[in-house]
Amino acid sequence: MEILVTLLIGALAGWLGSVLYKGSGLGLIGNIIVGIAGSFLGYWLLGKLGLSLGTGWIAAILTGAIGAIMILFLLNLIFRKR
């Protein structure tokens, strides 16, 4: 059950990050991957800054979306269409 919740939170965080960043959609699998990786990056970065968005699903989705936006920004810099 925890894996399903992780995938759901990752998908929501990746989708929210792609909507806020105004990038091209990555699809369901891409959103899940970016959302899960974004969650790790978001928790790590917010922890280094001494910040926390709290506990619960909403905080996890927002933290994942922050990390997903950073990952999407970096991907856009690396793979920029010329």
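All of the numbers you see were taken from the coordinates with simple rules; none came from a lab. From a predicted model like this one, the values you see are computed outputs, not experimental measurements. Every residue, glycine among them, receives a Cβ derived from its backbone with ideal geometry; neighbour counts consider all protein chains shown.
Return 63, 55 ranked ascending by Cβ neighbour count within 10 Å, so the fewest neighbours appear first.
Working: 63 26, 55 8.
So the ranking, lowest neighbour count to highest, is 55, 63.
Modelled this way, with points 7 Å down the Cα-to-C-beta line, the labels at residue 48 and residue 22 are 2.7 nm from one another. With the Kirkwood sum run over all distinct C-alpha pairs, the range 2-78 has a hydrodynamic radius of 11.8 Å.
Here the Karplus curve 6.51 cos²θ - 1.76 cosθ + 1.60, taken at θ = phi - 60°, turns the phi angles of the range 41-54 into couplings of 5, x, 5, 5, 5, 5, x, 5, 7, x, 10, 8, 8, x Hz, with x standing for Gly and Pro.
Once R0 is set to 22 Å, what does the formula 1/(1 + (r/R0)^6) return for the Cβ-Cβ distance between residue 75 and residue 3, expressed as a FRET efficiency to the nearest 0.05?
Working: r = 25 Å, r/R0 = 1.14.
Using R0 = 22 Å, I get an efficiency of 0.30.
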